[in-house]
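First the structure, in the form of structure tokens, and then the observations on it.
The values are calculated or read from the model by the stated rules, or taken from the named source; none is laboratory data. Keep in mind the model is a prediction, meaning the values are calculated, not measured. When we count neighbours, we look across all protein chains shown, and the Cβ atoms used for this are built from the backbone with ideal geometry, even at glycine. All accessible areas refer to the heavy atoms of the entire protein, side chains included, with ligands and DNA or RNA removed. Shrake-Rupley method; radii C 1.70, N 1.55, O 1.52, S 1.80 Å.
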Amino acid sequence: WILAWMGLEINTMAIIPLMAQQHHPRATEATTKYFLTQATAAAMILFASTMNAWTMGDWNINQISHPLATTTVTLALALKIGLAPMHFWLPEVLQGLNLTTGLVLSTWQKLAPFALILQISQNTNPALLTTLGVTSALVGGWGGLNQTQLRKLLAYSSIAHLGWMIIILQFMPALTLLNLTIYITMTSTMFLSLKIMASTKINSLALAWPKTPTLTTLIMLSLLSLGGLPPLTGFMPKWLILQELAKQDLPITATIMAMSALLSLFFYLR
Amino acid sequence: MALTSARLLTRTVHEKWICAHSLTLRPLVCINKAAFYGEYRRPGQAQDRTPPWKKIRFSFAKGVQGIRKHFGLLKDEAMERWVGPQGRPLIEHMLEQTRVQWEFRGPESLEQWLVSTDREIGGRSEAYLKLGRNDSACMLYGTLCSTPPRDGETCYSGYCTLRSRQLLSSFDRKKNIDWSSFNTLYIRLRGDGRPWMINIAAETYFSHQKDDLYNYFLYTRGGPYWQDVKIPFSKFFLSSRGRIQDNQHPLWLDKVSTIGFTLGDKADGPFQLEIDFIAVCNDRAHTEEFAYEMYKRNPEV
């Protein structure tokens, strides 16, 4: 756990200068907020792992078994990646960054916390994971409804997707990994396309059709894929997750997740 | 007699002890809020030493009214979300090229504005705000006096300002204006030939940014004809506490808080400014991002 914590801290410190390189107060604000949230989460991880080592005598990541330690480290990792209800920093931070740094924040910065989440998946509280997942999916759909700033829209999309990843973690971690991989691919496509078009608002996307029709079509398909519309790739993880939830006799959870996906699809389609 | 002398002696010793320790005990016993928080005292007025608990005016009816108002606003916000951004359909947001943000068409429009002058720092300028003829414009008028009074305290004088109030949503949360679809400020006004300064305040995060304003000049023509002023947002420069900053950056339009007009041209005498409306528009021909040089200080050689 100590080495994992060190790795997370180095990861945070490394991206801080990249975020602040824009020399604008909003970029500095985003960097400060990011640093505070990540440092808090890292401190919670260290505290939980130390508590587990004190009570259980074990420093191994996948041997964390003390209930309080497990809950604390789960909440800390949720804060790291921006799961609801610890998601409030993510839209504001992404809005203050340029598209390239936003891409790194949405994709690469999720890998390390997810590596830890996957390792502790067997010991985490199922009710907590379900709560985090359902809340994230609902908040991601509701929050993205009237966004006109594309970076904030992608932030809420990220929160919703993280909810889908977390809800299936306790039943089939392989699906979480699959969902994460597909999410990273789709989000990278979106961010890179928006970077080429240099657009950060919905209005500029609306005017892009005569200028770059191919890229506009690609963006449209990526958005629909993010929304989980068949037969695009983004439909596959959602379908598999719903299938698994149904197999685990959780029809209500599956229904709520499907409804929240409809909310997200609504603002993607617009 | 001996007992009285002993009591006197004890009292004297006790008083001397209190007096000797009062200088050290005073900050602990009665905390001076002004010393900690740097409260401003208007020149000519005594410092307000009333403790906060004595300033409370509790009213149950007002509390209930406030709760009803705020929950009503919260419900409206939730319902607006289903319509679109800021309660309007998305297609309206996508297609709009102009937006009138403030217009003066009735007494309630004046409630959204604050007038202040150098009276707050001890000066003698006056400014008033009223509706113009036919309730179709607002008139800011008054007298500017740039000579500070000789009271031994006031150092500066000679400004007056009209500033919009911060918009508030439910439970008095700050609400910012999103002008990111636009790039030009459009004002219809009629002045008296004086130079004014337009100040735009955006949402800030750090405490050292609380006095940050984005300014640009407004030269009024005077005369009987209305003046249409179009100022691109790329022309606004950053200042803090009235001083232009070396490290300039463009104004980000997604979180604008307030707009204000300031007169401080050091010309004593009456002034008048009528404003019909303040709008924003999208000038497609204007492609400049920022009008000023952004240079790196201490460049590596």
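General observations
- In nm, spacing of pseudo-spin labels at A:Phe88 and B:Asp192 (7 Å Cα→C-beta vector): 4.8 nm
- A:Lys80 accessible area, assembled protein chains, probe 1.4 Å, Å²: 10 Å²
- Residue-by-residue Karplus 3J(HN,Hα) for the stretch A:28-43, coefficients 6.51, -1.76, 1.60, Hz, glycine and proline x: 5, 4, 4, 4, 5, 4, 4, 4, 5, 5, 5, 5, 4, 4, 5, 5
- Summary value for the stretch A:223-267: 36 percent relative contact order, contacts being C-alpha pairs under 8 angstrom separated by 6+ residues.
- Under 13 Å from B:Lys175, Cα to Cα: aspartates and glutamates that are on another chain or at least 8 residues apart: B:Glu77, B:Glu203, B:Asp254
- Counting Cβ atoms of other protein chains within 10 Å of each residue's Cβ and taking the mean over peptide A:44-54 gives 0.
- For chain B, the relative contact order comes to 19 percent (Cα pairs under 8 Å, sequence separation of at least 6).
- Full extension of the chain between B:Met139 and B:Arg88 gives 15.3 nm of extra length, using 0.36 nm per residue less the Cα-Cα distance.
- In order along the stretch B:225-242, the Karplus-derived 3J(HN,Hα) couplings, from 6.51 cos²θ - 1.76 cosθ + 1.60 at θ = phi - 60°, round to 8, 6, 10, 9, 10, 10, 10, x, 5, 5, 8, 6, 10, 8, 9, 9, 6, x Hz, and Gly and Pro are given as x.
- Sequence ranges B:163-170, B:196-203, B:227-234, ranked by mean other-Cβ count within 10 angstrom, highest first: B:196-203, B:227-234, B:163-170
- Listed residues A:Met172, A:Met190, B:Met294 arranged by accessible area, highest first, probe 1.4 Å: B:Met294, A:Met172, A:Met190
- The helix-based estimate of mean residue ellipticity at 222 nm for chain A, built from -39,500 (n - 2.57) per DSSP H run of four or more residues and divided by its residue count, is -25000 deg cm²/dmol to the nearest 500.
- At R0 = 41 Å, FRET efficiency that the Cβ-Cβ distance of B:Phe58 and B:Glu96 yields, to 0.05: 0.35
- Other protein chain C-beta atoms within 10 Å of residue C-beta, averaged over A:22-32: 4.
- Amide H contacts under 5 Å for B:Asn282, placed H, 5+ residues apart: B:Asn183
- With a simple spin-label model that places each label point 7 Å from the Cα along the Cα-to-Cβ direction, the separation between A:Thr71 and B:Ser116 comes to 4.7 nm.
- From phi via Karplus (6.51, -1.76, 1.60), per-residue ³J(HN,Hα) for the stretch B:53-63 in Hz, x at Gly/Pro: 5, 8, 8, 6, 10, 7, 9, 5, 5, 5, x
- Judged by the mean number of other Cβ atoms found within 10 Å, the most tightly packed of the peptides B:280-291, A:125-136 leads the ranking A:125-136, B:280-291.
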